[in-house]
Amino acid sequence: MTDDRSATGPGGGKRRIILLMGAAGAGKGTQADRLAVELGTPHLASGNLFRAAIAARTELGARARVYMDRGELVPDALTISMFMDELSRPSAERGAILDGFPRTVGQAAALDNVLAERGDRIDAVVYIEVPDDVLVERLAGRWVCPTCGTPYHELTDPPAASGRCDRDGTDLVQRDDDRPEVVRARLERQIPPMLEVIDHYDRSGRVVRVDGRQSIDAVTSDIMAHLAARADGRA
């Protein structure tokens, strides 16, 4: 069933809150930054919000830091409060791109409830789809120079001489997190709850799917076309 209700912000004006989703390696961060420019709305990434709030010594930041210093996850209610605080700023008057939250159906339901209390809702969920084998290829292809820190990628940014740094000739190394077996294990943990969130929003017809195997420009173009179609009532 498609839900065609228009969300309104606290001031009563229409604004678009877009949730951007995709597994690690799908190019979500790149697209979030591009969409923020295209739509004229802020890119609200959970990790960045935590760091900014801590740096600014806000009350929410101080509360979040307690959990982060202990290596614990920041509670959902506190994370939602941070997002809502950002959404109340003038910079988000036209909407925002949400990134990194919600990660589970429980978080999605809690966020939906808080948004509804303020007259808002998630307008669209953009899911950048990339097959698992391509994700592994992208993430496991990363190498780095242990001497100067220059990063490389086997496919998209290889060194001139295979396995050696262009700057100093040092043998490149692969971080433990980028090894294929580690990447696959991480994706196996990340993808199932992400798909549950997508299914949660798909029931109300708010999910748009984009092929993330395309070029960066093509993915951006497809996303913008989908969002324009939704704004025009054609999707």
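The values are calculated or read from the model by the stated rules, or taken from the named source; none is laboratory data. Remember, predicted model here, so these are calculated numbers, not experimental data. Note that each Cβ is placed from the backbone with ideal geometry, even for glycine, and that neighbours are counted across all protein chains shown.
Of everything in the stretch 203-220 that is in a helix (DSSP H, G or I) and surrounded by fewer than 15 Cβ atoms within 10 Å (Cβ to Cβ), the residue that is nearest to the chain's Cα centre (by Cα) is Ile216. The set of residues in the stretch 205-235 being closer than 14 Å to Val126 by Cβ and among the acidic types (Asp, Glu) consists of Asp211, Asp222.
Could you please let me know if Leu98 is of a type in the set (A, V, I, L, M, F, W, C) and under 30 Å from Ser215 (Cβ atoms)? In short, yes.
Table: residues versus (1) closer than 26 Å to Arg34 by Cα; (2) surrounded by fewer than 17 Cβ atoms within 10 Å (Cβ to Cβ); (3) within 21 Å of the chain's Cα centre (by Cα).
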site	(1), (2), (3)
Asn113	no, yes, yes
Asp133	yes, yes, yes
Cys148	no, yes, no
Arg179	no, yes, no
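Looking at the stretch 57-72, is at least one residue modelled with pLDDT of 90 or more and in contact with a Gly (Cβ under 8 Å, 6 or more places away or on another chain)? Scanning the stretch 57-72 turns up no residue that is modelled with pLDDT of 90 or more and in contact with a Gly (Cβ under 8 Å, 6 or more places away or on another chain). Taking the criterion of being in a loop (DSSP other than H, G, I, E, B) and within 12 Å of Trp143 (Cα to Cα), the residues of the stretch 158-169 that qualify are Pro158, Pro159, Ser162, Gly163, Cys165.
Of the residues making up the stretch 39-85, those that are in a helix (DSSP H, G or I), surrounded by 14 or more Cβ atoms within 10 Å (Cβ to Cβ) and touching a residue at least 40 places away in the same chain (Cβ under 8 Å) are Leu39, Ser46.
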